[in-house]
Amino acid sequence: MEKNAEDLAELLFADVVVRKIEIKEISPCTADPERIKFLAQADKPLEDILPILYLAIPNAKYSEKLGALSYMYQQHLITIFANGRISMTYVKDRNEANQLVEEARWLINRAIIYLKTHGKPSPEIVQAKKELTPVKIYEMLPKTNCKMCGEQGCFAFAAKLLNGEKTLQDCPPLDYKEHNKLKFQIEKMLSPIKLK
């Protein structure tokens, strides 16, 4: 979305978007003491947008029972809770923390605007993504086992695609004209909703 269009969208939905996410607690990262992890709090509860984020972020994991959504972004594990709490790990410093919070706010607000303009996603779509497995993705791949993606074969690529370690761009055969439809279908399975 273009910057002016983003500003306009936030203006139109000013009463519902998240205005502020405040960093509440910073501590050393468990995986690397040279880095930090932090907890932040959004100024609104986020329960209604967790299914939307789950459907928009390819490698997201979502638990309705826990009211939490987790995903990897670059090297950071990000967890967003229904109550507006947000945690992030493996952060370099306070500046990177502020940048990540702003990126999360942007993503959350896109999801809020999606909710207000499209409504809640159907439980069937959410369930379909939860049932997505490497086998289902593998069945959609060209199955060339060409190793151009850096993996030993298409099944290994499918597993890494599902957990977010690889992207569809890592599979050159999917860019061939005859596989365009497959690429589109896999993309739709991984991210049924687009927020950008």
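Each value in this text was obtained by applying a stated rule to the coordinates, not by laboratory testing. Here the structure is a predicted model, which means the values were calculated and not measured. When we count neighbours, we look across all protein chains shown, and the Cβ atoms used for this are built from the backbone with ideal geometry, even at glycine.
Computed values, structure above
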| item | result |
| --- | --- |
| Between 0 and 90°, nearest 10: helix 94-118 axis offset from the chain longest Cα axis | 80 |
| Cα-based reach from K92 at 21 Å (exclusive), listing lysines while leaving out same-chain residues under 8 positions away | K24, K37 |
| Spread of Cα-to-Cα distances over 10 Å intervals beginning at zero, given as percent, for the range 132-189 | 26, 65, 9 |
| Residues Q152 and Q99, FRET efficiency given R0 of 35 Å [Cβ-Cβ distance, rounded to 0.05] | 0.45 |
| The range 3-125: relative contact order in percent, alpha carbon pairs under 8 Å with at least 6 residues between | 27 |
| Between 0 and 90°, nearest 10: helix 3-12 axis offset from the chain longest Cα axis | 60 |
| Reciprocal mean inverse distance between Cα atoms of the chain - Kirkwood radius, Å | 18.1 |
| Loop sites in the range 91-188: GluC sites (Glu not before Pro), DSSP, at most 15 other Cβ within 10 Å | E131, E165 |
| Between 0 and 90°, nearest 10: helix 180-190 axis offset from the chain longest Cα axis | 40 |
